Amino acid sequence: MREWTRDERYQRYEDMDQDTINELTERVNQSKYRQLFHIQPKTGLLNDPNGLIYFNGDYYISHQWFPLGPVHGLKYWYTYTSKDLINFSDKGISLKPDTKDDSHGVYSGSAFVYQDNLYYMYTGNHRDEDWNRKSTQHIAKVHKNGEVHKFPKAVISGPPSGYTQHFRDPKVYVKDGIYYAFIAAQNEEGFGRILQYQSKDIVNWTFQGEIQTKLDAFGYMWECPDYFNLDGFDLLLFCPQGVEPEGEKFRNIYQSGYIMGQYDIENLDMNHGDFHELDHGFDFYAPQTFTDVSGNRILIGWMGLPEINYPSDSDDWAHCLTIPRILSIEQGNLKQRPIKALQQLRSNKETALGYANKFTRFLYPYEGKQFELIIDILENEATEIYFEIRASKLQSTLITYNTKTRKITLDRSESGTLPEPVDGKTRSTYLDKPLSQLQLFVDTSSIELFCNDGERVMTSRIFTDDEAIGIKASTESGQVFLNFTKYDLKDDK
Ligand code: FRU
């Protein structure tokens, strides 16, 4: 991909002429990697989901956006609303970098309700002449007619002493009429932290301190915090940068996960267990959660990571959001399942039942690139099972399950064109229980794999040729008895 100069990265969308935008849009629309049922940028680069909320009958979903190319440049918020998280209505740009404080980007933030009105809290990113960063926290009101008006000045004018300008991504949490903001930060010793602020009127915010955890030296920055109570447990989500790989864990450039336990919000004391990754695939970062109309906790992530070049870059766009997942805690473990509403996209149900072994491949000829596939493992005497998705003679995305170790591996080395740098060709995780089910959501250039009814999730982009549409199963040795249920997924957007 060509290098973008700093000036090019900080061009304003509003200053571009319509012909340039039209040509850009045309190139993007012709990309063979365009997704069918995922939120993706109209042009340019999408990153974090922002401002997720259900408010007055509508879901609000925004994302970080650099409109002009597949690079991290001047960031805007781009917004959709939805009645069901399946059909989206395009609301366009909701926050643009048009003040001194956000002159170098309207960075990530969240949504909340105050006195029956909808608000966003977000980070203003400013760079001075020497390119030193200055981070401030802001509020904007979302008016009934959809217009978004920024408050005249920052509500938090900088980090407290002892912290650097890596200070961003406020997530607002409301408890007993008190507003809390959890903000990603870096201390002067160079470690990631989450800071807690409090307010009664959303204008005056008091710094209360940093959340006390057992993770003192766990990366140099913790981005995109989130905090909520779920089924009696408190969860703190964040994205640590600078954590070293440990076996199969922490293999991506940056991590995204949670600690779980009990949080004493008065004393800022989090009593918790290990840090767990939320997803075990190649492309997942910066998730945010919200509650749906029935009070369920829903998570949407960015299906991508920074500092990686993706094959769609050459078509002038990059990334998409994940499908929404519903979270729950069962027997003390976090479960993540695709939201039920996705069933609305199903059409053309097909089922197949059969054996696969070393010699007999269970072949499932399939014409399509966007589908949901449920594989039930009814009997398993195999040492290792192989599932191939988007398969042709030359390409396939391989899922391997080792019966003895319960290790599940996603291998995209033969999936087609690879994101660069190629950072290992597989991602793996160990299941808690023997594999009984896989549920896959496959879009034109992605796969989201839910194992054992929400026990683990593996999310990855795949850039496969159009001809590769087969589905196969086989084993290393021994036999496996399988039931396949496949649905075409149609775009209802
Ligand atoms: C995470 C992040 C956030 C920041 C935003 C800028 O991907 O780096 O910390 O607010 O992206 O686009």
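The values are calculated or read from the model by the stated rules, or taken from the named source; none is laboratory data. Being a predicted model, the structure only gives us computed values, none of them experimental. Cβ placement follows ideal geometry from the backbone for every residue including glycine, while neighbour counts extend to all protein chains displayed.
This table checks each residue for (1) surrounded by fewer than 24 Cβ atoms within 10 Å (Cβ to Cβ); (2) in contact with a strand residue (DSSP E or B) (Cβ under 7 Å, 6 or more places away or on another chain).
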{"site": "H38", "(1), (2)": "yes, yes"}
{"site": "W65", "(1), (2)": "no, yes"}
{"site": "T79", "(1), (2)": "no, yes"}
{"site": "P97", "(1), (2)": "yes, yes"}
{"site": "S103", "(1), (2)": "yes, yes"}
{"site": "S108", "(1), (2)": "no, yes"}
{"site": "N117", "(1), (2)": "yes, yes"}
{"site": "N125", "(1), (2)": "yes, yes"}
{"site": "E129", "(1), (2)": "yes, no"}
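Residues in segment 62-91 that are of a type in the set (A, V, I, L, M, F, W, C), more than 16 Å from the ligand (Cβ to nearest atom) and not in a loop (DSSP other than H, G, I, E, B): F88 alone.
Within segment 113-132, being in contact (Cβ under 8 Å) with a residue 40 or more places away in the chain and either more than 15 Å from S94 (Cβ to Cβ) or within 15 Å of the ligand (Cβ to nearest atom) (or both) holds for V113, Y114, Y120, M121, Y122, T123, N125. With respect to the conditions (1) under 22 Å from Y197 (Cβ atoms); (2) in contact with a Ser or Thr (Cβ under 9 Å, 6 or more places away or on another chain); (3) of a type in the set (D, E, K, R), D234 falls short on a single one, namely (2).
So that you can scan it fast, the table gives a plain yes or no per residue for (1) closer than 26 Å to A111 by Cα; (2) assigned by TED's automatic domain parsing to the domain that holds L327; (3) in contact with a helix residue (DSSP H, G or I) (Cβ under 6 Å, 6 or more places away or on another chain); (4) in contact (Cβ under 8 Å) with a residue 12 or more places away in the chain:
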| position | (1), (2), (3), (4) |
| --- | --- |
| T206 | yes, yes, no, no |
| F218 | no, yes, no, yes |
| Y227 | yes, yes, no, yes |
| P240 | yes, yes, no, yes |
| E248 | no, yes, no, yes |
| R251 | no, yes, no, yes |
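In this structure, I202 does not satisfy being more than 26 Å from Y180 (Cβ to Cβ) and either β-branched (V, I, T) or outside the structural domain of F55 (by TED's automatic domain parsing) (or both). Yes or no: D19 more than 16 Å from the ligand (Cβ to nearest atom) and under 27 Å from Y487 (Cβ atoms)? For D19, the condition - more than 16 Å from the ligand (Cβ to nearest atom) and under 27 Å from Y487 (Cβ atoms) - is not met.
For every residue, the table says whether it meets (1) under 25 Å from T164 (Cβ atoms); (2) buried (at least 18 other Cβ atoms within 10 Å of the Cβ); (3) touching a Phe, Trp or Tyr at 6+ places or on another chain (Cβ under 9 Å).
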residue	(1), (2), (3)
G219	yes, yes, yes
E223	yes, yes, yes
N229	no, no, yes
L236	yes, yes, yes
E248	no, no, yes
N252	yes, yes, yes
Q262	no, no, yes
L278	no, yes, yes
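Name every residue in segment 283-308 that is away from the ligand (no atom under 16 Å from the Cβ) and within 30 Å of L68 (Cβ to Cβ), in order of residue number. Correct list: F290 only. Within segment 309-316, can one find any residue that is at positive phi, charged (D, E, K, R) and touching a helix residue (DSSP H, G or I) at 6+ places or on another chain (Cβ under 8 Å)? For segment 309-316, residues at positive phi, charged (D, E, K, R) and touching a helix residue (DSSP H, G or I) at 6+ places or on another chain (Cβ under 8 Å): present.
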